[in-house]
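Right, one structure below, let's go through it.
What follows draws every value from the coordinates through simple rules; no lab data is involved. Fair warning: this is a prediction, and the values are worked out from it, not measured in the lab. Using ideal geometry, Cβ is built from the backbone for each residue, glycine included, and neighbour counts are taken over all protein chains shown.
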Amino acid sequence: MAMAAISIGASGMGAAEAQLNAVASNVANVADVGATPGSGLPDTVYEPIDVVDVASGTGTQPSGVGYSAMPNASAYFQAYDPTSPAADSAGMVAMPQVDLADQMVKLAAAKTLFSASAKVISAGDSMQQTAIDMLA
């Protein structure tokens, strides 16, 4: 049971890390411009990354946290910038639709998930040490 708790905690930490990486990438690319997808121009817009956490396991036996990170190709808006090399014939470029407030909420959630997962690992370690002490 203790090893399962440690494994579950580690999977939660992995999911938190994936969310943190997605937030960092989205915030770093918030002001990027690119060609509108489907325009045929080579420099397409940055696609913000969404991470979805899912419980893994079967039935009543949890086995941790799974996650899926995928780019959101439809999350962009058009802006007028005729001087950009990525502009189309009408002077329009695409910019990623990244809400910074939403990204900060996701960052706080990732921090909480990481902290909770660390406590699960600590509890699993404590249970394992108690079992070892009982056998000694």
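Kindly indicate which of Ala31, Ala18, Ala35, Ala5 is more than 18 Å from the chain's Cα centre (by Cα), among the hydrophobic types (A, V, I, L, M, F, W, C) and either surrounded by fewer than 15 Cβ atoms within 10 Å (Cβ to Cβ) or closer than 17 Å to Lys111 by Cα (or both).
Ala31
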> Which one of the conditions (1) within 13 Å of Ala16 (Cα to Cα); (2) assigned to a helix (DSSP H, G or I); (3) free of Cβ contacts under 8 Å to residues at least 60 places away in the same chain does Ala101 fail to meet, given that it meets all the rest?
Replying inline: (1)
>> Can you report the number of residues in the range 78-136 which are surrounded by 13 or more Cβ atoms within 10 Å (Cβ to Cβ) and of a type in the set (Phe, Trp, Tyr)?
In response: 1
> In the range 61-74, what residues are surrounded by 18 or more Cβ atoms within 10 Å (Cβ to Cβ) and either within 13 Å of Ile49 (Cβ to Cβ) or among the polar types (S, T, N, Q) (or both)?
Replying inline: Tyr67
